[in-house]
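The structure under discussion appears below in the form of structure tokens.
The values are calculated or read from the model by the stated rules, or taken from the named source; none is laboratory data. Only a predicted model underlies this, so the values are computations on that prediction, with no experimental measurement involved. When we count neighbours, we look across all protein chains shown, and the Cβ atoms used for this are built from the backbone with ideal geometry, even at glycine. Note: areas computed on protein heavy atoms with side chains; ligands, DNA, RNA excluded. Shrake-Rupley method; radii C 1.70, N 1.55, O 1.52, S 1.80 Å.
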Amino acid sequence: MLLPAENELRTVLARFAEARFRHDLQPTGRSSRELEDTSYTLCVMTGTQSVDQALTAADALLERLRAARQQTVRTAQGLAA
């Protein structure tokens, strides 16, 4: 599976949260479609089959990316020393 870019994943997570909030606040046919679309996109990006799995996978992926970024900074600091 190809891993999504961090900024793209964060963008889809934000779109999902906004669609979920809008749909929960005032459900309409449009809000339902937006929520379905962003849910589907999130599942495809994370290689999962449910929104709960996708959110868990997205959190894990973002944590891996954060840890890798910190490791890169530590390595760069070690090389500079």
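Things to note:
- Taking the criterion of being among the hydrophobic types (A, V, I, L, M, F, W, C) and crowded, with 16+ Cβ neighbours inside 10 Å, the residues of segment 3-29 that qualify are LEU9, VAL12, LEU13, PHE16, ALA19.
- Taken across segment 30-42, residues that are in a loop (DSSP other than H, G, I, E, B) and open to solvent by 90 Å² or more (accessible area, probe 1.4 Å) do not occur at all.
- The single residue among SER39, SER50 that is of a type outside the set (D, E, K, R) and in contact with a helix residue (DSSP H, G or I) (Cβ under 6 Å, 6 or more places away or on another chain) turns out to be SER39.
- Test: residue in segment 63-81 that is hydrophobic (A, V, I, L, M, F, W, C) and open to solvent by less than 40 Å² (accessible area, probe 1.4 Å): no
- Scanning segment 43-62 for residues that are surrounded by fewer than 11 Cβ atoms within 10 Å (Cβ to Cβ) and either of a type in the set (D, E, K, R) or farther than 23 Å from LEU2 by Cβ (or both) yields a single hit, ASP52.
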